[in-house]
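Undergrad: The structure follows.
The values are calculated or read from the model by the stated rules, or taken from the named source; none is laboratory data. None of the values given here were measured: they were computed from a predicted structure. Here the Cβ positions follow ideal geometry from the backbone for every residue, glycine too, while neighbour counts run over all protein chains shown. We work out accessible area using only protein heavy atoms, side chains counted, and drop any ligands, DNA or RNA first. Shrake-Rupley method; radii C 1.70, N 1.55, O 1.52, S 1.80 Å.
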Amino acid sequence: MFPPKSDIAAMPDFKDGIANWNSFGIGSMMENMSKYRPADIESKWQEKWLKESVYEPDLDGAARPFYNLMMFPYPSAEGLHVGNMYAFTGADIYGRKKRMEGFDVFEPIGLDGFGIHSENYAMKIGVHPVDQAKRSEEHFYEQLQMIGNGFAWNERLETYKPEYYHWTQWLFVQMWKHGLAYRKRQSVNWCPKDQTVLSDEQVENGKCERCGTVVVKKELEQWSFRITKYADRLLDNLEKLDWSERVKVAQRNWIGRSEGAEIRFEVAGSNAPATITVFTTRPDTLFGATYLVLAPEHELIADRQFAIANRDEVEKYAAEAKSKNNEERSEEGREKTGVELKGVTAINPATNEEIPIWVADYVLGSYGTGAIMAVPAHDERDFEFAKKFGLPMRQVIVSGGDDAVLPFIGTGALMDSGKFDGMDSEAAKKEITKFVHGEMKMQYRLRDWLISRQRYWGPPIPMIFCEQCAKAGKGEQPEMSGWYAVPEKDLPVLLPYVENFRPTGSGVSPLASDKDFYEAACPACGASARRETDVSDTFLDSAWYYLRYLDPKNASAAVNDPRVKRWLPAALYTGGAEHSVLHLLYVRFVALALTDWGILAFPDGEPFPKFRAHGLIIKDGAKMSKSKGNVINPDEYIRNFGADTLRMYLMFLAPFEQGGDFRDAGVLGIERFLKRVWNMGEGFAAPGTGARSAGALLHRTIKKVADDIDNLHYNTAISALMILLNGLEEQQAVAREDFEIFLKLLAPFAPHITEEIWREMFGRTTSIHREPWPIYDPKLLTEETITLVLQVNGKVRGTISLPSTLTEEEAKTAALADEGVKRALGGATPKKIIYVEKKLVNIVV
RNA sequence: GCCCGGGUGGCGGAAUGGCAGACGCGAAGGACUCAAAAUCCUUUGUUCGCAAGAACGUGUGGGUUCGACUCCCACCCCGGGCACCA
């Protein structure tokens with residue numbers, strides 16, 4: 001593992017310091033010296049900060065609010081992960097600097113404790129989720145206390161507390177009232193292991209995002225939110241957001257907007273009149289459409305009125321295709337299959353030709369209209385299909401150059417397209433659509449947010465179904481007769497403590513067997529009715545928590561709160577990129593909806609104008625996981641090295657947005673650095689020395705550290721601090737003022753040791769974390785002498801030190817006089833001399 | 001396949017047109033010590049050379065430039081996102 005650190009925590013009475021003393025010191029002070037023992041000072045300051053409310057801003061009166069928000073953890077498993085600590089530390093450093101710059105920094109923390117993740121863990125260790133939540137809460141907060149973040153503890157929240165989920169349920173009710181929540185029987189993702197449905201976003205490569213089990217399709221009646229209604233705004237707003245690019249790209253891909261046309265094809269040969277509407281992004285290729293393909297789910301296939309001569313064969317194919325899950329259906333390189341619908345044909349509206357209609361599972365029922373026009377000459381999939389079944393191909397686009405090879409996917413000029421021949425394909429899209437009375441239309445990859453879960457550990461969905469009203473066709477929403485939201489005065493619908501909380505697998509929640517829970521009176525007619533027994537997705541809990549932090553004491557104003565105006569939109573949001581299309585999409589959707597309802601008023605409806613995704617901490621080149629046994633427990637390192645050392649080590653590994661590989665050996669370097677800081681602090685226990693300031697080095701460091709923190713380049717900021725300490729140690733004597741500036745620069749990274757030196761060694765009475773951030777003097781950034789690089793034909797042949805006041809002429813003269821340069825020139829005459837101000841002279845021969 | 005990152009010593013990384021390898025780890029040698037640990041000092045890209053110094057060197061191949069890790073073109077490899085989405 002790592003070397004034993006017997007010299008720190010394990011020796012409480014060790015008290016000489018001699019062994020630690022280095023060249024910097026004053027011998028006579030030795031008996032007063034103490035060793036750097038993080039265990040002694042860290043918990044002391046954590047308690048003191050709490051008592052002094054160092055990190056509690058005035059939520060109602062702060063003059064310069066800075067909401068420093070970070071994604072809250074979901075407690076489960078063995079406790080805080082080193083990855084959590086990495087994320088929190090990186091966000092905290094930014095916030096600490098802002099606080100020193102005079103901002104009222106609000107850095108809240110809480111627990112996203114509802115959900116499958118926490119419930120599964122409780123089941124695994126055989127504890128009831130309610131009881132496990134209490135334990136996790138205690139353990140997590142204890143660990144979170146130890147990492148030394150400037151958390152505003154007073155405002156902490158837990159999503160599983162009734163005073164919290166009261167408002168999660170309220171949010172559901174609002175969705176319902178505004179027509180954004182609906183219940184529908186549909187083919188949904190079902191995780192056989194977690195025994196619940198999942199949203200599209202929770203399925204990764206056909207597997208459950210939580211447990212990795214292959215997801216299957218099930219026909220179930222489920223609750224969804226109409227996030228698709230917001231697809232355009234979710235996409236368009238991305239342009240205005242200052243977010244990590246990779247997250248924006250992921251959201252763009254996920255929303256997947258494409259512009260195309262819907263075109264109607266009349267059907268011939270059927271006894272009843274029928275049309276098939278297709279969606280295409282290439283209406284310009286309509287003249288090349290030689291057949292149509294319906295998805296197995298297409299409504300015409302189930303329509304018995306529709307005269308398909310080989311109906312049995314077609315239905316059999318469709319049924320088989322539907323039984324396959326997405327993964328099987330789209331397995332890469334899979335051969336195309338399909339069946340022709342005999343006895344019916346479609347009429348290409350551009351050519352008036354009769355073309356065959358097929359059913360094939362390469363067309364998805366859930367996208368577009370569930371039907372396509374196939375243009376085998378200009379689409380790879382259609383090409384493959386046409387080749388296999390011997391269907392005709394017709395090229396209708398030519399590019400300028402080599403276009404002999406089909407399929408040709410690109411754009412170009414039209415051919416064999418009647419009066420459109422020669423037209424540019426881009427222009428032809430609109431023209432041909434118009435010509436056949438089609439309609440330009442957007443299509444989205446995004447699906448509605450499936451919100452219900454057949455599990456116990458979540459907020460019960462606050463809906464009631466009344467059989468009486470349903471029969472009478474009454475209800476709160478059109479086409480949803482019988483359904484009523486729980487009246488707001490009756491919220492929250494409490495999650496009962498049931499002994500049998502395990503998922504049933506029958507498509508309903510364990511709450512469905514709790515009569516006391518589900519029996520309710522109809523809010524409309526008073527008849528005996530039945531409560532919804534599913535709970536909502538965990539991601540609904542976390543879709544509004546940033547609002548809740550602003551008022552944990554007064555639940556009645558949790559969402560519509562005057563503080564919201566002061567603190568939101570958040571100044572900075574930090575979290576993992578793995579939530580690109582989960583949390584980060586949902587949270588935006590909910591904010592947009594709240595904006596439309598007049599509850600929020602953020603510009604563009606966006607709560608987080610600035611978001612930064614941090615990197616991933618891996619271990620020895622591999623992702624940490626319990627099965628690999630390479631999970632780093634931060635507690636152990638904090639116990640052995642201190643939180644300051646671990647914080648700095650994690651930040652020193654690599655740029656914060658990149659992540660890093662955790663290697664035990666590296667921790668020692670930071671530990672040495674902090675010991676040297678400590679020792680230098682001890683050296684100042686005596687009155688100040690009146691030594692000269694480190695000047696340019698100091699001021700360059702102030703600038704560098706400030707810039708690096710702003711850019712989240714903590715690794716290079718730490719490097720700059722090391723260089724400054726090295727420089728100070730080389731001096732005969734160090735000015736106390738310099739060292740104090742150094743301490744302030746170090747404070748965001750190592751909050752405990754800097755506070756200890758500041759207050760205990762230097763006798764200050766207020767926290768270093770409330771000190772003003774150092775300002776550099778631009779005049780002091782440059783050294784008195786500069787190093788001029790001398791090149792001949794671009795190769796370095798020497799360097800010389802010159803006063804920084806030097807002129808171009810002086811530089812060139814000095815360069816030509818240099819021995820190394822003369823040797824390299826070998827008597828040749830310079831053709832050209834390039835001078836880069838105060839940096840370099842390059843002599844070209 | 002498309003879209004984002006990225007490829008630099010033994011290792012993590014630094015430098016975004018101007019001394020490649022900052023800072024740290026590791027390693028080697030030395031000081032202190034009975035000894036070890038800790039600490040401090042020195043060295044540490046590769047090759048040739050006693051040295052002064054020289055040549056080579058940032059995934060590969062070209063190009064632009066006085067000068068390229070950095071910019072341009074083509075390609076290879078690694079990580080991530082999307083993917084039969086018409």
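Undergrad: Mind checking which pairs have a first residue in segment A:656-681 that is more than 9 Å from RNA strand B (Cβ to nearest atom) and a second that is assigned to a helix (DSSP H, G or I) and among the hydroxyl-bearing types (Ser, Thr, Tyr), Cβ under 7 Å, 6 or more apart or different chains?
TA: Close Cβ pairs (under 7 Å, with a partner that is assigned to a helix (DSSP H, G or I) and among the hydroxyl-bearing types (Ser, Thr, Tyr)) amount to A:Phe656/A:Tyr714; A:Leu674/A:Thr645.
Undergrad: Looking at A:Leu790, A:Leu743, can you tell me which residue is within 16 Å of RNA strand B (Cβ to nearest atom) and open to solvent by less than 40 Å² (accessible area, probe 1.4 Å)?
TA: Of the residues listed, the single one that is within 16 Å of RNA strand B (Cβ to nearest atom) and open to solvent by less than 40 Å² (accessible area, probe 1.4 Å) is A:Leu790.
Residues checked against (1) polar (S, T, N, Q); (2) crowded, with 17+ Cβ neighbours inside 10 Å:
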position	(1), (2)
A:Lys342	no, no
A:Ala350	no, yes
A:Val363	no, yes
A:Ala371	no, yes
A:Pro376	no, yes
A:Asp382	no, yes
A:Ile397	no, yes
A:Ser425	yes, yes
A:Gly438	no, yes
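Undergrad: Within segment A:807-832, take every residue that is near RNA strand B (Cβ under 9 Å from one of its atoms) and not in a loop (DSSP other than H, G, I, E, B) and give me the one that is least open to solvent (accessible area, probe 1.4 Å).
TA: Across segment A:807-832, the extreme among qualifying residues is A:Gly820.
Undergrad: Any chance you could count how many residues in segment A:456-478 are under 37 Å from the mean Cα position of the chain (by Cα) and touching a residue at least 60 places away in the same chain (Cβ under 8 Å)?
TA: Number satisfying all stated conditions: 12.
Undergrad: Assess whether A:Ala577 counts as being within 16 Å of RNA strand B (Cβ to nearest atom), within 30 Å of A:Glu56 (Cα to Cα), touching a helix residue (DSSP H, G or I) at 6+ places or on another chain (Cβ under 6 Å) and not aromatic (Phe, Trp, Tyr).
TA: For A:Ala577, the condition - within 16 Å of RNA strand B (Cβ to nearest atom), within 30 Å of A:Glu56 (Cα to Cα), touching a helix residue (DSSP H, G or I) at 6+ places or on another chain (Cβ under 6 Å) and not aromatic (Phe, Trp, Tyr) - is met.
Undergrad: Identify, by number, the condition in (1) among the polar types (S, T, N, Q); (2) within 14 Å of RNA strand B (Cβ to nearest atom); (3) modelled with pLDDT of 85 or more that A:Ser804 doesn't meet.
TA: (3)
Here is a yes/no grid of residues against (1) in contact (Cβ under 8 Å) with a residue 12 or more places away in the chain; (2) closer than 30 Å to A:Gly256 by Cα:
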{"site": "A:Leu144", "(1), (2)": "yes, no"}
{"site": "A:Gly150", "(1), (2)": "yes, no"}
{"site": "A:Leu157", "(1), (2)": "yes, no"}
{"site": "A:Gln174", "(1), (2)": "yes, yes"}
{"site": "A:Lys177", "(1), (2)": "yes, yes"}
{"site": "A:Lys184", "(1), (2)": "yes, yes"}
{"site": "A:Glu201", "(1), (2)": "yes, yes"}
{"site": "A:Glu204", "(1), (2)": "no, yes"}
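Undergrad: Shifting gears a bit: What do you reckon, is A:Tyr484 farther than 25 Å from A:Ala87 by Cα, over 32 Å from the mean Cα position of the chain (by Cα) and outside any strand (DSSP E or B)?
TA: no
Undergrad: Output the residue which, of all residues in segment A:270-280 that are surrounded by 18 or more Cβ atoms within 10 Å (Cβ to Cβ) and in a loop (DSSP other than H, G, I, E, B), is nearest to RNA strand B (Cβ to nearest atom).
TA: A:Ala274
Undergrad: Go through segment A:687-715 and report how many residues are over 23 Å from A:Pro772 (Cβ atoms) and in a helix (DSSP H, G or I).
TA: Summing the residues that are over 23 Å from A:Pro772 (Cβ atoms) and in a helix (DSSP H, G or I) in segment A:687-715 gives 1.
Undergrad: Consider A:Gln731 against the criteria (1) touching a residue at least 40 places away in the same chain (Cβ under 8 Å); (2) open to solvent by less than 20 Å² (accessible area, probe 1.4 Å); (3) within 16 Å of RNA strand B (Cβ to nearest atom): it satisfies all of them except one. Which criterion is unmet?
TA: All conditions pass for A:Gln731, except number (2).
Undergrad: Filtering segment A:254-266 down to residues that are in contact with a Ser or Thr (Cβ under 9 Å, 6 or more places away or on another chain) and open to solvent by 20 Å² or more (accessible area, probe 1.4 Å), which residue is nearest to RNA strand B (Cβ to nearest atom)?
TA: So the residue we want is A:Ser258.
Undergrad: So which pairs qualify, if the first residue must be in segment A:788-800 and outside any strand (DSSP E or B), the second must be open to solvent by 40 Å² or more (accessible area, probe 1.4 Å) and more than 8 Å from RNA strand B (Cβ to nearest atom), the Cβ gap must be under 7 Å, and the two must be at least 6 apart or on different chains?
TA: Here the result reads A:Asn793/A:Val845, each pair linking segment A:788-800 to a residue that is open to solvent by 40 Å² or more (accessible area, probe 1.4 Å) and more than 8 Å from RNA strand B (Cβ to nearest atom).
Undergrad: Name the residues in segment A:310-329 that are at pLDDT below 90 and out of contact with any Asp or Glu (no Cβ under 9 Å at 6 or more places or on another chain), would you?
TA: A:Ala319, A:Ser323, A:Asn325, A:Asn326, A:Glu327, A:Glu328 - these are the residues of segment A:310-329 that are at pLDDT below 90 and out of contact with any Asp or Glu (no Cβ under 9 Å at 6 or more places or on another chain).
Undergrad: Yes or no: A:Asp194 surrounded by fewer than 19 Cβ atoms within 10 Å (Cβ to Cβ) and touching a strand residue (DSSP E or B) at 6+ places or on another chain (Cβ under 8 Å)?
TA: no
Undergrad: Hey, any hits in segment A:621-635 for a residue that's assigned to a strand (DSSP E or B) and either surrounded by fewer than 22 Cβ atoms within 10 Å (Cβ to Cβ) or basic (Lys, Arg) (or both)?
TA: Within segment A:621-635, one or more residues are assigned to a strand (DSSP E or B) and either surrounded by fewer than 22 Cβ atoms within 10 Å (Cβ to Cβ) or basic (Lys, Arg) (or both).
Undergrad: If A:Trp758 passes every condition in (1) away from RNA strand B (no atom under 11 Å from the Cβ); (2) surrounded by 16 or more Cβ atoms within 10 Å (Cβ to Cβ); (3) under 30 Å from A:Gly659 (Cα atoms) but one, which one does it miss?
TA: It fails just one condition, (3).
Undergrad: Considering every residue within segment A:397-405, establish whether at least one is in contact (Cβ under 8 Å) with a residue 24 or more places away in the chain and more than 8 Å from RNA strand B (Cβ to nearest atom).
TA: So far as segment A:397-405 goes, yes, one or more of its residues are in contact (Cβ under 8 Å) with a residue 24 or more places away in the chain and more than 8 Å from RNA strand B (Cβ to nearest atom).
Undergrad: A further question on this structure: Take the residues in segment A:464-481 that are in a loop (DSSP other than H, G, I, E, B) and closer than 13 Å to A:Glu532 by Cβ; name whichever of them is modelled with the lowest pLDDT.
TA: Out of the qualifying residues, it is A:Met480.
Undergrad: Would segment A:442-463 turn up any residue that is part of a strand (DSSP E or B), in contact with a Ser or Thr (Cβ under 8 Å, 6 or more places away or on another chain) and open to solvent by 60 Å² or more (accessible area, probe 1.4 Å)?
TA: yes
Undergrad: Here are some residues: A:Leu592, A:Leu600, A:Leu584. Which one is open to solvent by less than 40 Å² (accessible area, probe 1.4 Å), more than 30 Å from A:Thr504 (Cβ to Cβ), within 14 Å of the chain's Cα centre (by Cα) and of a type in the set (A, V, I, L, M)?
TA: A:Leu584
Undergrad: Only one of A:Gly61, A:Gly79 is farther than 26 Å from A:Ile618 by Cα and surrounded by fewer than 22 Cβ atoms within 10 Å (Cβ to Cβ). Can you tell me which?
TA: A:Gly61
Undergrad: Right, here's the next one. State whether one or more residues within segment A:406-419 are closer than 11 Å to A:Leu286 by Cα, within 41 Å of the chain's Cα centre (by Cα) and within 16 Å of RNA strand B (Cβ to nearest atom).
TA: Within segment A:406-419, none of the residues are closer than 11 Å to A:Leu286 by Cα, within 41 Å of the chain's Cα centre (by Cα) and within 16 Å of RNA strand B (Cβ to nearest atom).
Undergrad: Just to be sure before I move on: is A:Arg233 surrounded by 14 or more Cβ atoms within 10 Å (Cβ to Cβ), over 20 Å from A:Ala371 (Cα atoms), among the basic types (Lys, Arg) and more than 8 Å from RNA strand B (Cβ to nearest atom) in the structure I sent?
TA: yes
Undergrad: For a quick check of your reading: which helices (runs of 4 or more DSSP H) sit entirely within segment A:58-161 and have at least 1 residues that are in contact with a Leu (Cβ under 8 Å, 6 or more places away or on another chain)?
TA: Answer list for segment A:58-161: A:82-100, A:129-146.
Undergrad: Considering only residues that are under 29 Å from A:Pro73 (Cβ atoms), crowded, with 18+ Cβ neighbours inside 10 Å and at pLDDT 95 or above, which ones fall in segment A:494-531?
TA: A:Leu495
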